[in-house]
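A short reminder: the numbers here are calculations on the coordinates, not readings from a lab. Keep in mind it's a predicted model, so treat the numbers as computed, not measured. All Cβ positions, even for glycine, are placed from backbone atoms using ideal geometry, and neighbour counts span all protein chains on display.
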Amino acid sequence: MGGPPVLIVGAGPIGLTLALELARFDVPTVVLDAKPEPTREGSRAIVLARHALATFVRLDCGAPMLEKAVVLARARTYFRDTELFCVEFPREREGELPRFVNLQQTYTEAALLDEAARTPAVALRWNARVSDLRQDGEGVTVVLAGGDEVRGSYVVGCDGARSTLRDLLGVGFPGRSHHDRFLIADVRAAMPFPRDERRFFFDPPQNPGRTMLVHPQPDNEWRIDWQVPGDTDAEEERRSGRLDERIRRVVGHGDYELAWLTAYLFHQRVADRWRSGRAFLAGDAAHLFSPFGARGLNSGVEDAVNLGWRLALVRAGDADDRLLDGYELERRSAALENLRVTTATMRFMAPTTPLHRLAREAILRGSLRSALLRRHVNSGRLAEPAVYGDSDGVIGRPLPLEIPTRPLVHSFALARLHRRDVLVRPDQYVARWLEGDAEAAVAEILRAPSGAP
Ligand SMILES: Cc1cc2nc3c(=O)[nH]c(=O)nc-3n(C[C@H](O)[C@H](O)[C@H](O)COP(=O)(O)OP(=O)(O)OC[C@H]3O[C@@H](n4cnc5c(N)ncnc54)[C@H](O)[C@@H]3O)c2cc1C
């Protein structure tokens with residue numbers, strides 16, 4: 001069984017993760033990207049959570065990321081000049097991955113691309129803009145700008161926020177966009193801050209009335225992120241000298257070098273449908289969250305893993321087509337949860353009504369004295385892996401993180417699927433498709449030596 005490859009539209013972090021995940025199940029993929037060649041587009045997703053790192057390690061591209069990344073030890077939140085609270089991330093135990101690291105997305109993508117290039121089952125095609133899609137009972141055909149056609153068994157749109165696949169499938173993308181803009185500068189400088197801390201400021205003297213975030217990155221770079229009025233233009237800030245003034249207020253009088261500058265409007269949106277026949281959406285094509293919480297790339301990696309094993313089993317004829325419906329069921333509900341969390345953060349950070357503004361001011365002022373009020377200060381809830389409900393035959397018991405990173409856990413799990421109707425999913429959950437004592441089987445799997453058949 002098998003047939004034509006799975007087509008992946010978009011060689012961003014999510015498309016590449018999906019290609020590598022499918023390759024671990026011996027599923028060939030063709031990854032089509034509109035860009036003429038890989039580009040280095042700026043730091044974007046800098047915070048990688050442990051569950052995404054565990055996937056990258058399992059897919060053999062985590063080592064260069066871990067080597068380069070800055071491990072975050074704590075996150076501090078300030079109101080004006082005063083520290084309100086500090087969240088300490090427990091230090092990882094021997095053999096455990098860090099809870100959060102900071103790494104520019106360019107490095108994450110480079111490590112994924114290197115591994116994809118080493119993987120024979122992954123065929124990468126640049127300069128391949130998908131412009132149309134047809135599907136039938138046997139497979140899908142995508143049409144490239146220029147007229148070439150590529151045939152596949154399934155297609156997955158990992159083509160980002162302005163997804164062509166989503167438009168071609170007529171899928172709605174409801175939600176909202178924020179009025180305020182966020183001006184982001186990656187600056188190389190010697191800074192007066194420790195290199196393992198995230199610092200978030202409400203109403204700081206350097207950006208009165210709004211927020212500012214300072215994050216360490218590798219290469220002695222710092223991300224400075226200012227909340228600014230919606231009509232702010234990054235290039236005009238640079239030309240007018242206002243950017244230099246802003247940076248000086250943070251880095252002081254020493255030398256600095258600007259590595260990347262951009263201004264973003266953030267969006268909160270989740271696609272109405274994630275599956276249309278043999279076509280699927282994943283990553284930013286399926287959901288957009290404001291990045292305060294680091295839930296974009298991190299949750300997109302979970303999409304890729306969740307869809308990967310389902311596609312592999314169905315394509316191989318080992319599971320019924322209905323298994324694919326579980327992808328939308330689980331991952332769309334995870335996206336709605338991420339939307340809920342990031343919407344609450346944005347409501348606090350950038351209140352849009354006078355009432356919300358008043359409430360926020362009262363909470364911030366009051367929290368200078370009251371520990372109780374401090375609990376309501378929301379400077380971003382950093383990404384957690386999704387916990388699925390009792391859906392799709394899932395028991396919903398998270399496995400210890402180290403289990404999915406064991407080599408051969410896939411083939412071991414698949415063997416179990418045939419024999420015991422139990423699957424250890426690479427996204428850390430246990431599923432039961434038919435009757436069977438899943439808990440006992442899992443206990444047996446955990447007792448078995450690593451990689452046992
Ligand atoms: C300022 C900022 C900070 C962020 N911080 C974080 C963070 O700390 N942590 C986090 O988890 N997330 C963060 N994010 C979000 C993260 O950057 C995205 O979630 C991530 O890039 C999504 O990856 P993707 O592969 O889905 O899409 P993309 O990275 O957008 O890749 C899409 C790919 O599809 C290709 N493409 C598009 N259309 C077509 C077409 N028609 N045919 C062929 N190819 C096509 C594009 O060329 C591109 O290569 C941040 C985002 C921003 C902007």
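Once the Cα-Cα distance is subtracted from the 0.36 nm per residue extended length, the C86 to E41 segment shows a gain of 13.0 nm. Using a Förster radius of 30 Å, what is the FRET efficiency between R238 and D148 based on their Cβ-Cβ separation? Nearest 0.05, please. Efficiency, rounded to the nearest 0.05: 0.15.
Would you list E302, E328 from fewest to most Cβ contacts within 10 Å? Intermediate results must be reported in sequence, preceding the final value.
Numbers: E302 28, E328 21.
By the 10 Å Cβ count, ascending: E328, E302.
Extension gain for R134-D325 works out to 66.8 nm (0.36 nm per residue, less the C-alpha to C-alpha distance). Taking trypsin sites (Lys or Arg not before Pro) across region 65-106, the ones in a DSSP loop with at most 13 further Cβ atoms lying within 10 angstrom of their Cβ are R91, R93. Karplus-derived 3J(HN,Hα) values for region 184-198, using 6.51 cos²θ - 1.76 cosθ + 1.60 with θ = phi - 60°, are 10, 10, 9, 10, 8, 6, 7, 10, x, 10, x, 8, 10, 10, 8 Hz; glycine and proline are entered as x.
Arrange E138, E337, E115 by Cβ neighbour counts within 10 Å, fewest through most, would you?
Values: E138 10, E337 15, E115 22.
Ascending Cβ contact count within 10 Å gives the list E138, E337, E115.
The residues Y264, Y256, Y154, when put in order of fewest to most other Cβ atoms within 10 Å, stand as Y264, Y256, Y154.
Calculated FRET efficiency, R381 to L258, Cβ-Cβ distance, R0 = 22 Å: about 0.15 to the nearest 0.05.
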